[in-house]
Amino acid sequence: LQKELADIKAHNTAPRKKIRDASGKLTGVETNGTIVPIEGKEMALAYEVATLRNAMLDAITTRAGNAALLRIYDGTRPATGGTATTLLAELTCGTPFAAGASAGVLTLGAITQDASANATGTATWFRIVKADGTTHVLDGNVGTSGSDLNLTTTSIVATQPVSVSSFTITEGNP
């Protein structure tokens, strides 16, 4: 997936012109006739929504495939794809995983609840794997607001149901 995303980013070939002041300090960047001022540092790449950002998100759908698994864990989140901590719950993502991304947002399809949580603990991170249960797709943080995955509560109790009513991933303009 990272190679696919890198390939997409590499295709952002819009000509960029650096704007400098009389002393040579970078003050802005011009792309396709739009000048963006820079305050104190060089501007990161910005992706054109209709193609590049959506393509990056759609690569997640392709990688996840049908019936991917959303696993919720407690403890410290490992390096991406690293050894998992205690599994609290496992939910099944829809078929398809998501419809095509739009305006830089990927909205996952219906997610089937875990009718009986595996363990009791505090949800701190999640991992999405393909339906095979081993092929890593992505990891993210869990919280009640402002996280990659927001739950009503991060307190999960063994044998109790765990559900996710909606899940979106936004490809920001860095």
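The values are calculated or read from the model by the stated rules, or taken from the named source; none is laboratory data. Quick caveat, the model's predicted, so the values are computed rather than measured. Using ideal geometry, Cβ is built from the backbone for each residue, glycine included, and neighbour counts are taken over all protein chains shown. For the accessible areas, the whole protein counts, side chains as well, though only heavy atoms, and no ligand, DNA or RNA atoms are used. Shrake-Rupley method; radii C 1.70, N 1.55, O 1.52, S 1.80 Å.
The table that follows gives values for the structure above.
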quantity: Hits in segment 122-153 - residues which are over 19 Å from the mean Cα position of the chain (by Cα) and without any contact (Cβ under 8 Å) to a residue 40 or more places away in the chain; calculated: 132, 152, 153
quantity: Which numbered condition residue 132 fails, given (1) surrounded by 14 or more Cβ atoms within 10 Å (Cβ to Cβ); (2) under 30 Å from residue 52 (Cβ atoms); (3) modelled with pLDDT of 95 or more; calculated: (1)
quantity: Options 112, 153; residue that is open to solvent by 50 Å² or more (accessible area, probe 1.4 Å) and farther than 27 Å from residue 55 by Cα; calculated: 153
